[in-house]
1. Would you please list the contacts, defined by Cβ atoms under 6 Å and residues six or more apart or on different chains, that run from a residue in the stretch 95-115 that is of a type in the set (Gly, Ala, Ser) to a residue that is surrounded by fewer than 17 Cβ atoms within 10 Å (Cβ to Cβ)?
2. In the stretch 134-152, what residues are surrounded by fewer than 17 Cβ atoms within 10 Å (Cβ to Cβ) and free of Cβ contacts under 8 Å to residues at least 40 places away in the same chain?
3. From Glu175, Glu156, grab the single residue that is acidic (Asp, Glu), under 30 Å from Asn191 (Cβ atoms) and within 22 Å of the chain's Cα centre (by Cα).
4. Inside the stretch 190-205, can you point out the residues that are at pLDDT below 80 and under 20 Å from the mean Cα position of the chain (by Cα)?
5. Please list, ordered by first then second residue, the pairs with beta carbon atoms under 6 Å, 6 or more apart or interchain, first in the stretch 13-36 and within 16 Å of Gly52 (Cα to Cα), second part of a helix (DSSP H, G or I) and at pLDDT 75 or above.
6. Restricting the stretch 272-286 to residues that are in a helix (DSSP H, G or I) and loosely packed, with under 10 Cβ neighbours inside 10 Å, which is modelled with the highest pLDDT?
Amino acid sequence: MPGSKTKTVVLISLLLLLVVMYAGSGIFSLQSGQRALILRFGQVVKEVSDSGIHYRLPAPIERTIKIHIGRVQTVFIQERKNDNFERFTGDENLIIIHALISYDIKNLTQFAFQATDVKPILQSAGQMCLSRELAKMTVDDAMTTGKSVLRLVIKEQMQQLLDEMKLGIRLISVELTDISPPEKVSTTFRNVSDAWVKKQEIVKDAEGYTNAIIPKSRGKASALILEAEAYSKEVVSAAKGKVDAFDRLLIEYDRNPQVITDQKRLETMQVIFNKCKVSIDANPKESMYYISR
């Protein structure tokens, strides 16, 4: 009988130990940047975002899916046969594109259940959006001014597709690391690109010269106009003064013509004397007046 009691105690202890171990299997921990979904019989019942020690019911009742939601991941847009992505532009020129997509997770539940393999989906979406937009552009635009606009348009279109697919992914950036022609025609395209850059420099220099010379010319024109207006006012004012003086003289002449005539004769003589030298002979009896200039 004592032996049977001992066996019973051992069995109970083992059973309790198994129960404790089973209950303890529900303990899990999260590192910084990790999040976890707690599933109960396959249904999400809770999302845990705090790092540290947590508890869920043991399997098979509940299980945990851990994901690094803050980790930025990248994927290249490329063809399956090589690392390049080749497409035709709207003017039927072939170009090679190297594109890099950066993304993270914005919805843990959608990502865990909808995005079984993200990279092929992102590559296909990027290829489709790039092909569609490049068909609207010329090769010159794609390789120069349109490059920055293209990556923003691609990002917006891809994000819209991913949201419609409910993948729980947030695009951080779409970088077009290189857009170049095939190797056989790269020299020609490089010459065209250099010519375009030189053209832009010449245009900027011409615009700078224009912006510098036009204000100076306008300033000189304004100064000439102001000078002409001042001279015009001076001449008009002088003419009006002469007219007013003549009008006053005419009034006096009408009153007494002889006085005005004598006055004018004296004024004329005064002008002559001011401009000439008058000499008087020393002999008063034979005085003669010499007027010389």
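The values are calculated or read from the model by the stated rules, or taken from the named source; none is laboratory data. Note that the structure is a prediction, hence the values are computed from the model and not measured. As a convention, Cβ positions derive from the backbone with ideal geometry for all residues, glycine included, and neighbour counts pool all protein chains shown.
1. Correct list of pairs: Ser102/Val72; Ser102/Thr74; Ser102/Ile172; Ser102/Ser173; Ala112/Ile65.
2. In the first step, residues of the stretch 134-152 are kept if they are surrounded by fewer than 17 Cβ atoms within 10 Å (Cβ to Cβ); the result is 135-136, 138, 140, 144-145, 147-149, 152.
Across the stretch 134-152, the qualifying residues are Thr145, Lys147, Ser148, Val149, Leu152.
3. Values: Glu156 fails: under 30 Å from Asn191 (Cβ atoms).
None of the other options fit; the residue is Glu175.
4. Selection gives Val197 alone.
5. From residues that are within 16 Å of Gly52 (Cα to Cα), the pairs are Arg35/Leu108.
6. So the residue we want is Asn274.
One line per residue, one yes/no per condition, for (1) under 30 Å from Thr177 (Cβ atoms); (2) at pLDDT below 75; (3) exposed (fewer than 12 other Cβ atoms within 10 Å of the Cβ); (4) not assigned by TED's automatic domain parsing to the domain that holds Lys119:
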{"site": "Met1", "(1), (2), (3), (4)": "no, yes, yes, yes"}
{"site": "Ser4", "(1), (2), (3), (4)": "no, yes, yes, yes"}
{"site": "Ile38", "(1), (2), (3), (4)": "no, no, no, yes"}
{"site": "Gly42", "(1), (2), (3), (4)": "no, yes, yes, yes"}
{"site": "Gly52", "(1), (2), (3), (4)": "no, yes, yes, yes"}
{"site": "Pro60", "(1), (2), (3), (4)": "no, no, yes, yes"}
{"site": "Lys81", "(1), (2), (3), (4)": "yes, yes, yes, no"}
{"site": "Phe85", "(1), (2), (3), (4)": "yes, yes, no, no"}
{"site": "Thr89", "(1), (2), (3), (4)": "yes, no, no, no"}
